[in-house]
Amino acid sequence: MVAVCLMPSVTCMAQEENLSGSTLQEKTSQLQTVPNLKVPEILENPRGVYKLIGLLDKYDTFIKEPFDQYKICTDSVTLMMSFTGNRFRLTRTDSSIFNYTGEAPDPQDSTATRIYDCNRERFTLKWWSTTPGHLYFPNKGWCTEYYEAGKYSEAGRIVFEALMSPCQSDENNPFIGAWRVVGMMDEMRNVKKELERLHEEDGKRNAAYKGYHILTPTHFINTTATGGTVHTVTYHGKKQLTIGPTAYKITWLTKNRVAIEIHEGFRTDYEIWERILDPRPVFDQLASVYVY
């Protein structure tokens with residue numbers, strides 16, 4: 001049996017609304033990742049989610065969106081999300097906050113990153129590359145990338161909408177919403193004692209690897225602060241759901257806690273989920289790991 005691997009391998013744990021780009025951009029530009037994260041009054045500073053639409057390669061030739069890549073620009077941190085198929089990665093590739101600099105070189109640092117031609121709709125990023133042998137990036141030369149807001153691939157739209165929307169429940173479907181992955185049980189005999197153990201272990205876990213599941217009417221997104229995957233989901237009442245190609249039996253321990261039955265060969269384990277009651281978007285938790 002092929003398991004979906006509910007959580008990325010680093011943890012050892014296994015809705016799509018038809019929103020316009022402008023609606024999603026408005027949500028992300030107002031995202032409260034940390035208390036001081038707010039839309040700035042200076043419109044020249046890019047804020048929100050921007051998709052890579054093209055770049056100038058090492059031969060100064062324009063290449064149209066060679067990667068499904070996004071910059072998430074806030075007052076507190078700049079993050080990058082990239083997609084390959086149904087998998088995505090979240091990283092703090094850029095060490096600086098993206099504020100307008102103008103195109104002219106910095107007199108104090110000739111290779112400093114430049115941000116220009118920017119507003120809520122677009123920005124140009126010019127950075128000094130030292131990547132030898134890359135297909136597009138020059139070695140010891142400038143790379144120029146162009147980003148636009150309100151543009152998403154299919155997977156990008158699904159993931160961003162799930163991560164950046166307030167956590168909500170659905171009275172008609174108890175699975176809908178956001179869940180924390182507490183850990184794995186190998187049996188269901190002494191649940192109370194096992195839960196105490198799992199919460200103790202989870203409290204020691206690096207925040208970057210704490211696991212989350214978001215279930216929408218049509219998709220299942222699992223993620224840590226380093227990335228995750230998106231799958232289709234089908235609901236079969238309250239005791240079973242199908243994620244991608246794999247069906248899982250569900251045991252409800254309480255209204256806000258479930259055990260997911262996972263089979264590996266002849267072995268059966270149980271992944272424990274606990275509903276997130278905090279209405280803030282899951283992305284707030286993911287991004288906070290990168291705010292130093």
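The values are calculated or read from the model by the stated rules, or taken from the named source; none is laboratory data. All of these numbers come straight from a predicted model, not from anything done at the bench. As a convention, Cβ positions derive from the backbone with ideal geometry for all residues, glycine included, and neighbour counts pool all protein chains shown.
For segment 156-170, state whether one or more residues are within 19 Å of THR111 (Cα to Cα) and either buried (at least 19 other Cβ atoms within 10 Å of the Cβ) or modelled with pLDDT of 90 or more (or both). For segment 156-170, residues within 19 Å of THR111 (Cα to Cα) and either buried (at least 19 other Cβ atoms within 10 Å of the Cβ) or modelled with pLDDT of 90 or more (or both): absent.
Across segment 113-136, the qualifying residues are those that are of a type in the set (A, V, I, L, M) and modelled with pLDDT of 95 or more, and the one among them that is farthest from HIS231 (Cα to Cα) is ILE115. With respect to LEU195, is the statement that it is closer than 30 Å to THR78 by Cα and either at pLDDT below 90 or not in a strand (DSSP E or B) (or both) true? Judged against the criteria, LEU195 is not a match. In contact with a Phe, Trp or Tyr (Cβ under 9 Å, 6 or more places away or on another chain), buried (at least 16 other Cβ atoms within 10 Å of the Cβ) and at pLDDT 95 or above, is that true of HIS219? When the stated conditions are applied, HIS219 does not pass them. Set side by side, the residues TYR209, TYR290, TYR248 differ, and just one is within 20 Å of GLY177 (Cβ to Cβ), in contact with a strand residue (DSSP E or B) (Cβ under 9 Å, 6 or more places away or on another chain) and aromatic (Phe, Trp, Tyr), which is TYR248. Is segment 86-99 home to any residue that is part of a strand (DSSP E or B), out of contact with any Pro (no Cβ under 9 Å at 6 or more places or on another chain) and surrounded by 19 or more Cβ atoms within 10 Å (Cβ to Cβ)? For segment 86-99, residues part of a strand (DSSP E or B), out of contact with any Pro (no Cβ under 9 Å at 6 or more places or on another chain) and surrounded by 19 or more Cβ atoms within 10 Å (Cβ to Cβ): present.
Taking the criterion of being out of contact with any helix residue (DSSP H, G or I) (no Cβ under 8 Å at 6 or more places or on another chain), in a strand (DSSP E or B), more than 18 Å from VAL159 (Cβ to Cβ) and not acidic (Asp, Glu), would at least one residue in segment 66-75 satisfy it? Within segment 66-75 (the criterion being out of contact with any helix residue (DSSP H, G or I) (no Cβ under 8 Å at 6 or more places or on another chain), in a strand (DSSP E or B), more than 18 Å from VAL159 (Cβ to Cβ) and not acidic (Asp, Glu)), the answer is no, since none of the residues qualifies.
Per-residue answers, yes or no, for (1) of a type outside the set (Val, Ile, Thr); (2) under 16 Å from ASP186 (Cα atoms); (3) touching a strand residue (DSSP E or B) at 6+ places or on another chain (Cβ under 9 Å):
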site: THR216; (1), (2), (3): no, no, yes
site: ASN222; (1), (2), (3): yes, no, yes
site: THR229; (1), (2), (3): no, no, yes
site: HIS236; (1), (2), (3): yes, no, yes
site: ASP269; (1), (2), (3): yes, yes, yes
